[in-house]
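The values are calculated or read from the model by the stated rules, or taken from the named source; none is laboratory data. Here the structure is a predicted model, which means the values were calculated and not measured. Glycine gets a Cβ as well: all are built from the backbone with ideal geometry, and neighbour counts include every protein chain shown.
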Amino acid sequence: MGDRNFGELRSAQTQARKALARGIKEELSRRVPELVELNAAEGKLLDLLPVLERAVDRAGNTKGSWLRDSAVAGAAKLLTSSSAVGLGAAVLRNVLAELGVQSELAIRI
């Protein structure tokens, strides 16, 4: 019986905190009108969050494939007859698969 009330209490606390935060936001927006536009812009950005998370998850799924790395290394070695070039190609493929590197390249391009 105590466990049920605890869950209801937590829910009531959460709702009270949300109402307090909403009230503070409304009062700040009333006193600082510039915040209304900033809050709207932030809301649009927050709407993008799930879309961006899915995109990052998809991109992360392609990283680290040992089969793909082996194919790249094998193809480079076959074309150049050099194990070092094959290894370098596999390393370069891994570096370019990093989302941070891709982002930096896109910005610079």
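Pairs linking a residue in the range 80-100 that is assigned by TED's automatic domain parsing to the domain that holds residue 69 and over 22 Å from residue 55 (Cα atoms) to a residue that is among the charged types (D, E, K, R) and in a helix (DSSP H, G or I), with Cβ atoms under 6 Å and 6 or more positions apart or on different chains, are 83/77; 86/77; 90/69. Every condition in (1) assigned by TED's automatic domain parsing to the domain that holds residue 103; (2) farther than 22 Å from residue 103 by Cβ; (3) among the β-branched types (Val, Ile, Thr) holds for residue 36 except the one numbered (1).
Of 65, 81, all but one fail to be over 15 Å from the mean Cα position of the chain (by Cα) and modelled with pLDDT of 85 or more; the exception is 81. Just give me the residues in the range 80-108 being closer than 24 Å to residue 56 by Cα and polar (S, T, N, Q), in sequence order. Answer for the range 80-108, where residues must be closer than 24 Å to residue 56 by Cα and polar (S, T, N, Q): 94, 102, 103. In the set 52, 38, only one residue is under 25 Å from the mean Cα position of the chain (by Cα), modelled with pLDDT under 85, within 30 Å of residue 25 (Cα to Cα) and surrounded by 10 or more Cβ atoms within 10 Å (Cβ to Cβ); that residue is 52.
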